[in-house]
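Here is the structure we will look at.
The values are calculated or read from the model by the stated rules, or taken from the named source; none is laboratory data. In this text the structure is predicted, and so the values were computed from the model without any measurement. Neighbour counts run over all protein chains shown; Cβ positions are idealised from the backbone, glycine included. Ligands, DNA and RNA are excluded from the accessible area calculation, which covers all protein heavy atoms including side chains. Shrake-Rupley method; radii C 1.70, N 1.55, O 1.52, S 1.80 Å.
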Number of protein chains: 6
Amino acid sequence: MRKDERAWNEMRHIQIEPHYLKHPEGSVLITVGDTKVICSASIEERVPPFLRNQGKGWIAAEYAMLPRATQQRTIRESSKGKVTGRTMEIQRLIGRALRAVVDLEVLGERTVWIDCDVIQADGGTRTASITGAYVAMVLAFGKLLEQGKLKKMPATDYLSAISVGMNKERDVLLDLDYEEDSTAAVDMNIIMTGSGEFVELQGTGEESPFSYRELERLVALGNDGTRQLMAYQQEIIGNLMKEDNLS
Amino acid sequence: MRKDERAWNEMRHIQIEPHYLKHPEGSVLITVGDTKVICSASIEERVPPFLRNQGKGWIAAEYAMLPRATQQRTIRESSKGKVTGRTMEIQRLIGRALRAVVDLEVLGERTVWIDCDVIQADGGTRTASITGAYVAMVLAFGKLLEQGKLKKMPATDYLSAISVGMNKERDVLLDLDYEEDSTAAVDMNIIMTGSGEFVELQGTGEESPFSYRELERLVALGNDGTRQLMAYQQEIIGNLMKEDNLS
Amino acid sequence: MRKDERAWNEMRHIQIEPHYLKHPEGSVLITVGDTKVICSASIEERVPPFLRNQGKGWIAAEYAMLPRATQQRTIRESSKGKVTGRTMEIQRLIGRALRAVVDLEVLGERTVWIDCDVIQADGGTRTASITGAYVAMVLAFGKLLEQGKLKKMPATDYLSAISVGMNKERDVLLDLDYEEDSTAAVDMNIIMTGSGEFVELQGTGEESPFSYRELERLVALGNDGTRQLMAYQQEIIGNLMKEDNLS
Amino acid sequence: MRKDERAWNEMRHIQIEPHYLKHPEGSVLITVGDTKVICSASIEERVPPFLRNQGKGWIAAEYAMLPRATQQRTIRESSKGKVTGRTMEIQRLIGRALRAVVDLEVLGERTVWIDCDVIQADGGTRTASITGAYVAMVLAFGKLLEQGKLKKMPATDYLSAISVGMNKERDVLLDLDYEEDSTAAVDMNIIMTGSGEFVELQGTGEESPFSYRELERLVALGNDGTRQLMAYQQEIIGNLMKEDNLS
Amino acid sequence: MRKDERAWNEMRHIQIEPHYLKHPEGSVLITVGDTKVICSASIEERVPPFLRNQGKGWIAAEYAMLPRATQQRTIRESSKGKVTGRTMEIQRLIGRALRAVVDLEVLGERTVWIDCDVIQADGGTRTASITGAYVAMVLAFGKLLEQGKLKKMPATDYLSAISVGMNKERDVLLDLDYEEDSTAAVDMNIIMTGSGEFVELQGTGEESPFSYRELERLVALGNDGTRQLMAYQQEIIGNLMKEDNLS
Amino acid sequence: MRKDERAWNEMRHIQIEPHYLKHPEGSVLITVGDTKVICSASIEERVPPFLRNQGKGWIAAEYAMLPRATQQRTIRESSKGKVTGRTMEIQRLIGRALRAVVDLEVLGERTVWIDCDVIQADGGTRTASITGAYVAMVLAFGKLLEQGKLKKMPATDYLSAISVGMNKERDVLLDLDYEEDSTAAVDMNIIMTGSGEFVELQGTGEESPFSYRELERLVALGNDGTRQLMAYQQEIIGNLMKEDNLS
């Protein structure tokens, strides 16, 4: 039994509040246990230089934490004048994951800027960011469809992400909170599509390597978790992702 | 009549949600019309080098906006690698204002880090930040009192801030929203204490200079506004600021 | 009596040396007591991107101190790789103040770069910078008029700035030197036009808040000070600002 | 058949030249096809602040490419003044992987600085860096053992890394060169120990998600590749890693 | 005949105004034709980390130009956030040259900070900086001697610097102004001691290489120029550099 | 006799390996004793803004050292986020020297990017960089001639560089290694053309000034050294520099 009485294969309480902000084309507040992330999707009607005049769009992501999202206050990256390696790694991951389920030609020559700002952190901020950002992005696409700027939904499938891991006793666990994560032997982030395929799989055994058999168990558990998340995403944006909208 | 049907001397709806975050010693979400700011107060048990071994504390403030707090997405300051002049000006103002109502010797050799993060912007973000940060700070002091780390409340008086201004027709207005602010002839920020004195007064007539008579009217209106804000602050933290706690 | 035998309402000796430098379109060395600032105005025949093709000009200001302008050597901002908040605040203030008395349409699509470099500092460097920069700017306008590049003087009024304040005994003082400033209870910078209106008013009571009655006395004293400065400016550039040149 | 006549499960020619540089405690030049990386391991007799006085060491890695290691010259990161996200991601990965096979308590309070500098790039630079850096690190440990500064070999197992992937036709391929990598549908880096366990597994299907069955085939192929690499590492450093040295 | 009627071996008018600033331990304004540089020497009672506890001092130099010291305004290095290569080269040169004529053990564990700020530039700013900085430094040493903080003058000899060059017609010229410098075929900076030896010699023939015979003529002319400068320096600081003060 | 048994006027063993890298238009590995530098020349078909539409090309150089090229590991400049003054000085020197022997009009509107990366340092890295970079550049020109992009060889003469110096005993020495260089009284870098003229001469006597007689001896020795280097360069690129190719 875990300290918050969850079973090993049980996720924390999750909530996605759509249209959380007034200005962005799409936005949500996603809450996973005590982790809270504001995700927004902003449309810019041009693409980065390397993509110009190719009839394709782009999705770029930025990620940050409020200084006091964490137990100890962290120094603001704008004050330091540079972004940490961890932040860079996460924002590259978010962008890559979302691009995997978007038809960039259907999107056309525009950029979707994804901003994930962690208001409160308790483990799983990168996976919550991806799960929430996906919804914010589809809401933004919905707005463009409504305005007639898009003819078809550019999102080609659902997308969600979850963390799995193993503690020192080598129990497999779903959706680690901060305490579990910081003492884990193995840590893995799994990003999957609605059709059950992998978009990204990142497992690390810094504390202790893991076997092929353990890999199989972690992947199976991640598969269960992402399915639950996608069922919930469907409640919120199912109408936008209806069959006839999908490419 | 203003576009949102407010009278010239009427403030927008204000709400302060205390204990908004889990980790900081003090925190609030302050909402003024469509402007929303998360203010947190974090205690660090040491002071900057210039204050060491003087038996006095310090209050430092940082301010930022989420990229999509605004109508157009603004570039993240951490990505640019530097903080804008506007941000610097505001965070220096917040720190200076709060220090004016804190007895730094009662605080002792510790630093209060104030973080004001604008989630949604619609004018008046710096005055909302000050009004909210004051409450977050007093909540943090309350926690230190409770833990026995402080013997006495270091806050010596209430503090709140409001914007006043004049439109092109030279009507005096209280609490300008973004649209009013961006078309104003004169713009003034007024920060006052519970005893009705000025902590800071910043008036600028970039679009058009203003007369002594106009200054008098602006100041009087600001005085009314800050009094209303302090009445509301008192509802939330009045017990902490009770007579016998005050220095 | 003040330490340099000045009366409470007496300014320090002031001198403005026009055409101090060879290269800029306009320049002065302004000396206020022991404070010395080189102010130059450079004309660039284009405007920043946000103003292009609007038929209007711009005034941008930069401010810096030589490392040993101060009692203790300060680290050069170019070595640190960033500009301090204080510097940013001052250069934004200088630009804003000058723009308030210039008709940017008369100026046309060009930028006036104002550089204020403090050679020696003894309090009041920001107000001396504004008072001197105004003269340098009008000299530059004079040169453009002479060259036929301008049809009319873009400056619409005189402009000068002075500091006022209150010491711990709550005596009101005009034109504070460094020692007075660093021990002041209240500190205020006042920027006024030739017609006696306020362009900017910044009062701060970090050490101790101030009352409405005190505000009145500070403002009156600042009004006197700026009038004296403008009389002196008139001796130097009065011919350029003659009635028929003014818009 | 691949363009260089390799079979799908065939690695490129690999060569590790030990003691390549004069100054570092350990160094190699690793060549994998046309990819060449200089890896060096430098010993510093202290640890980062967060580890002080814990009796444990640290391994930190940095990675860079010469500007003309690539087909198009890339801008030098020192000229840009910041390190790209890709570089950060890779150097964090190298450090994490090496730490997984080092007993940091046996290492004691010292830091091993790993520098991987890509002289020529043709795909697989991060995996070549890890495979080469591991050898450089063990050579450095060998020197410390020889000097009596270490009593026991801190490396607890072999470590090597290889890339696997799938082309558009969904053929599984071992050890992708640049051209194969830049057109791959799925790309995976696998880092394994001598005992056949995973230290890190990073698979990404940005171009197209991949199924569980495909994951199995990729992992099996990566397992074969890392075994071959470790057989070669053993030829070079087998004597240092002999049974009685291992913890 | 040169455009300002100087002979080929004639220097521009030179003037050194000692004690130009109020705060620094030593300072001058040096004027060479239209080139004007403020040089100050500040004493800091500690040395950089690499020199600690060795009983020796250090001399560090910084160099900058006001933005409008030049015909075209140059961007302020503090705004750009980095110092140009030219600036770095010059400040390293100034420091190296001054250290060559100072006995750092006599100086003791203190740093002399030299600041050379070019107020107006018309060629030869680096040589004027060295010639002026030397005087400012000796004035600062004089102050330390007077205060009893030094027992002996640390400067061991006079030091001055001059530029020489060749125009396209291969005429040798002394003390080039900006126009001569920017069209020169060969450009050389020569720094010499009172005893007629070279401290630094930097000749560059970017536009056209130069022969050994030409080198001889340039060096002879530089020798003449530096002698004249040292005669003038002697008028100002001769009493401080008297025989019995010299080491 | 020197520690490595060289005579005072004897160079270290030198080797230049042409076509060292696969991607650049021209490249070499130059080895001088234990100093090793990879020099590459990359052609970019455009020029910097200040040269556009003038029918002339440009040569830009960058220089860096691997962190462990030196006895003690040095911090990577990309990690520090800025380039040191020493690096800037060297890369400016390399660019200036190469431009002195190239007809930029024959080159046409293209930039040659020179990258000198020191793999292992043992004194003389800047002179080895110039000697090697010259060969890499001519190889790149050879490729452009071969491709018909150039009609004529833009290099107008050979170019090489060597260090000379004097030890504490005032013996003149050719080609100083690191140990000799770090204890030298006088240090001089000499860059000469095939026709025996000076492109750059930089002598510094930071430890002790040098006389005119000493200057003569240093220059004569440098002349001998550069002649030997150019004889070797001729073996490698003599065919490209044949009479009928030269302008």
Shielding by partners, peptide E:80-90 (average Cβ within 10 angstrom, other chains): 6
From the phi of every residue in segment E:120-126, what ³J(HN,Hα) in whole Hz does the Karplus formula 6.51 cos²θ - 1.76 cosθ + 1.60 yield, where θ is phi - 60° and glycine or proline is x? 8, 10, 8, x, x, 5, 6
Taking chain F as a Gaussian network, Cα atoms linked when under 10 Å apart, which of F:SER163, F:SER42, F:SER27 shows the biggest mean-square fluctuation? F:SER42
Lysine pairs in chain E with Cα atoms under 22 Å, if 8 or more residues apart or on separate chains: 15
Just B:ILE90, B:ILE114, B:ILE75 to compare: in a GNM of chain B, with alpha carbon springs under 10 Å, which one fluctuates most? B:ILE75
Averaged over B:201-214, how many beta carbons belonging to a partner chain fall within 10 Å of each residue's beta carbon? 6
Inter-site label distance for C:GLN71 and F:ASN53 at 7 Å from Cα along Cβ, in nm: 5.7
For peptide B:34-43, the mean count of other chain Cβ atoms within 10 Å per residue Cβ is 2
Vicinal HN-Hα couplings computed from phi for segment E:225-236 (Karplus, 6.51 cos²θ - 1.76 cosθ + 1.60; Hz; Gly/Pro x): x, 5, 4, 4, 5, 6, 4, 6, 4, 4, 4, 8
Sorted shortest first, the nm distances from the B:PHE50 label point (7 Å along Cα→Cβ) to its counterparts in the other copies are 3.0, 3.0, 3.0, 3.8, 4.4
Tell me the distances, shortest first, between B:LEU145 and the same position across the other copies, using label points 7 Å along Cα→Cβ, in nm to one decimal. 5.5, 6.4, 6.5, 6.5, 8.7
Set Lys and Arg Cβ to +1 and Asp and Glu Cβ to -1, take the dipole of segment F:14-238 about its Cα centre, and tell me which of F:VAL102, F:MET192, F:GLN72 lies farthest positive. F:VAL102
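Got the relative contact order for chain B handy, in percent, Cα pairs under 8 Å and 6 or more residues apart?
Values: 514 pairs, mean separation 50.5, N = 247.
In percent, rounded to a whole number, it is 20.
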Report the closest approach of any chain D C-beta to the axis of the D-to-C rotation: residue and distance, in whole angstrom. D:GLY81, 4
So the pair-distance distribution of the protein assembly as shown, from every Cα-Cα distance in 20 Å bins, comes to percents of 8, 30, 37, 23, 2
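At a probe radius of 1.4 Å, figure out the F/D buried accessible area, summed over both chains, and give it in Å² to the nearest 100. Display every interim value, and only then the final one.
On the way: alone 12470 and 12450 Å², together 21970 Å².
Buried surface at the F/D interface: approximately 2900 Å².
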Once phi is turned into ³J(HN,Hα) by the Karplus curve 6.51 cos²θ - 1.76 cosθ + 1.60 with θ = phi - 60°, what whole-Hz value does each residue of segment D:134-147 show in order, with x for glycine and proline? 4, 5, 4, 5, 5, 4, 5, 4, x, 5, 5, 5, 4, 7
Give the Debye-formula value of log10 I(q)/I(0) at each listed q (0.10, 0.16 Å⁻¹), with one equal scatterer per alpha carbon of segment E:14-238, two decimals each. -0.45, -1.10
For A:TRP8, label point 7 Å along C-beta direction: distances to other copies, nm: 3.6, 7.2, 8.1, 8.1, 9.4
Share of accessible surface on carbon and sulfur in the protein assembly as shown, whole %, 1.4 Å probe and ligands ignored, is 47
What dipole magnitude, in Debye to the nearest 20, does the protein assembly as shown give about its Cα centre under +1 on Lys/Arg Cβ and -1 on Asp/Glu Cβ? 0
CD proxy, 222 nm, the protein assembly as shown: helix-only mean residue ellipticity via -39,500 (n - 2.57) per DSSP H run with n ≥ 4, per residue, nearest 500, stands at -9500 deg cm²/dmol
Given H placed on each backbone N at 1.01 Å, which residues far from A:GLN120 in sequence or on other chains put an amide H within less than 5 Å of it? A:LYS36
Counting only DSSP beta bridges with both residues in the protein assembly as shown, what percent are antiparallel, rounded to the nearest 5? 85
So which residue, out of D:ILE237, D:ILE94, D:ILE191, gets the largest mean-square fluctuation from a GNM of chain D using Cα contacts under 10 Å as springs? D:ILE237
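Can you tell me the FRET efficiency between D:SER195 and D:GLU216 if r is taken as the Cβ-Cβ distance and R0 is 25 Å, rounded to the nearest 0.05?
Details: r = 20 Å, r/R0 = 0.81.
So the FRET efficiency works out to roughly 0.80.
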Per-residue accessible area for B:VAL138 at 1.4 Å probe radius, Å² rounded to 10? 0
Could you state how much accessible area C:TRP58 has, in square angstrom rounded to the nearest 10, with a 1.4 Å probe and all protein chains kept in place? 50
Where the centre of each part is set by its Cα atoms, how far does segment A:128-184 sit from segment E:158-225, in angstrom? 68
Say R0 is 60 Å: what FRET efficiency, to the nearest 0.05, do D:SER182 and B:GLU44 get from their beta-carbon distance? 0.80
If C:TYR63, E:TYR232, B:TYR178, E:TYR212 are ordered by their accessible area, calculated over protein heavy atoms with a 1.4 Å probe, which sequence runs from highest to lowest? B:TYR178, E:TYR212, E:TYR232, C:TYR63
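Suppose every Lys and Arg Cβ carries +1 and every Asp and Glu Cβ carries -1, with no other charges. What dipole size does segment B:166-228 come out with about its Cα centre, to the nearest 20 debye?
Numbers: 5 positive and 15 negative charges, 62 e Å.
Dipole magnitude for segment B:166-228 comes out near 300 debye.
Quick check for me: using +1 on Lys/Arg Cβ and -1 on Asp/Glu Cβ, what's the dipole size of segment B:48-99 about its Cα centre, in debye to the nearest 20?
Values: 11 positive and 3 negative charges, 9 e Å.
Here the size comes out at about 40 debye.
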